[in-house]
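The values are calculated or read from the model by the stated rules, or taken from the named source; none is laboratory data. All values derive from a computational prediction rather than experimental measurement. As a convention, Cβ positions derive from the backbone with ideal geometry for all residues, glycine included, and neighbour counts pool all protein chains shown.
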Amino acid sequence: MADFARYDARHYPTLPVREGYSAWSETYEATVLDLMDLRLMERLTSVDWAQADRALDLACGTGRGGVWLRARGVARLDGLDLTPAMLERARAKGVYDRLDEGDVTATGLPGGTYGLITMLLADEHLADLAPLYAEAARLAAAGGRFVLVGYHPWFLMSGVPTHFDAAPGQPLAIESHVHLFADHVRTAHAAGWRLVELEEGLVDAAWIAAKPKWAEREGRPVSFAFVWTR
């Protein structure tokens, strides 16, 4: 686990996580592309989404992931997020049975409850992965799956933080940390998880069509998806 500051090439003003996502909430869905996370979810073969008795969407944000999970047959779905402004947008989608404001590392939700836990595009905001994997292990039912989709550490290490434009020409970053895949494996194993599947998303023609300036990054990794089981 490394401090992003050593890689920071842009030096944008940086906000704490709750403050940053509160400021980003109005434009989040217009700027985060499904190519980053949902396209990777489509590629996973080790998860039978509709068979999960009950699912939990950690760091659910505006509910993009929740809508995707419901469309794949998830019958009962709870969500949790740190930011009230993001939760308001998730609630408006009407796909969650329960929504809570809270920390993904200490949810307060009942243990042994969820056959499926997901977390999309949030792990880079945690200084330490161990509490996340431990809490997910506590929450998971026997044989449950934990699907974690994240912003690839290569992109962070190339100097590009999680960021958005507060106004045209006014980029703001959100506090980020670099976690290598070795960090994930070590901390997940310590919490009792076993790796089932790993996918990585690369900058390709679809990305370049959406973001032409990314042509110079063609073929570079931009996101990843782990599937863990207990």
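A few comments on the model shown:
- Matching residues in the stretch 1-31 - criterion: being closer than 17 Å to Pro221 by Cβ and among the β-branched types (Val, Ile, Thr): none
- Matching entry among Thr62, Thr105 (being of a type in the set (Ser, Thr, Tyr), more than 18 Å from Tyr151 (Cα to Cα), buried (at least 16 other Cβ atoms within 10 Å of the Cβ) and without any contact (Cβ under 8 Å) to a residue 60 or more places away in the chain): Thr105
- Strands (runs of 3 or more DSSP E) contained in the stretch 119-230 and holding at least 3 residues without any contact (Cβ under 8 Å) to a residue 40 or more places away in the chain and on the phi < 0 side of the Ramachandran plot: 194-202
- Among (1) under 22 Å from Leu58 (Cβ atoms); (2) surrounded by 19 or more Cβ atoms within 10 Å (Cβ to Cβ); (3) in contact with a Pro (Cβ under 9 Å, 6 or more places away or on another chain); (4) not polar (S, T, N, Q) - the single one Val203 does not satisfy: (1)
- The stretch 8-23 residues that are more than 11 Å from Met86 (Cβ to Cβ), paired with ones that are part of a helix (DSSP H, G or I) and among the hydrophobic types (A, V, I, L, M, F, W, C) (beta carbon under 8 Å, 6 or more apart): Leu15/Ala23
- The single condition from (1) touching a residue at least 40 places away in the same chain (Cβ under 8 Å); (2) crowded, with 16+ Cβ neighbours inside 10 Å that Glu88 fails is (2).
- Some residue of the stretch 110-123 being at pLDDT 95 or above and more than 24 Å from Trp49 (Cβ to Cβ): no
- The single condition from (1) touching a Ser or Thr at 6+ places or on another chain (Cβ under 7 Å); (2) over 27 Å from Tyr114 (Cα atoms) that His152 fails is (2).
- Some residue of the stretch 218-230 being at pLDDT below 95 and surrounded by 15 or more Cβ atoms within 10 Å (Cβ to Cβ): yes
- For the stretch 40-48, the condition of being among the aliphatic types (A, V, I, L, M), more than 24 Å from Ala142 (Cβ to Cβ), modelled with pLDDT of 95 or more and under 14 Å from the mean Cα position of the chain (by Cα) holds for at least one residue.
- Residue tally, condition assigned to a strand (DSSP E or B) and either over 20 Å from Thr229 (Cβ atoms) or of a type in the set (S, T, N, Q) (or both), over the stretch 101-118: 4
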